[in-house]
Amino acid sequence: MISYAPLFRTMKEKNITAYQLNKMGFSNTTYHSIKRGNGITMKTLNTLCDLLDCDITDVVEYVKEQK
């Protein structure tokens, strides 16, 4: 499963809040959708990497589900 934990770590490390991300042009609705663990498009992933000046691995990670 895809985890957005790296996104929240990256935001914390860069001292960027959801409010600031929204002011940078990122949709608040999309942010809250990510918080709920919903999927995102490659365009959204690209936008986050651009706004946060980071790599994809700083936004998402794959976590193998335990069976």
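The values are calculated or read from the model by the stated rules, or taken from the named source; none is laboratory data. Only a predicted model underlies this, so the values are computations on that prediction, with no experimental measurement involved. Calculation scope for accessible area: heavy atoms of the full protein, side chains included, ligands and nucleic acids excluded. Shrake-Rupley method; radii C 1.70, N 1.55, O 1.52, S 1.80 Å.
Tabulated values for the structure
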item	result
Net length gained if the chain between MET1 and LYS67 were fully extended (0.36 nm per residue, minus Cα distance)	22.5 nm
Hits among lysines - C-alpha to C-alpha of LYS35 under 16 Å, sequence gap 8 or more where chains match	LYS12
Rounded percent of accessible protein surface that carbon and sulfur make up, the chain, 1.4 Å probe	50
Average projection area in nm² (convex hull over Cα atoms of the chain, one quarter of hull surface)	4.5
Relative contact order (%) - the chain, alpha-carbon pairs under 8 angstrom, separation at least six	58
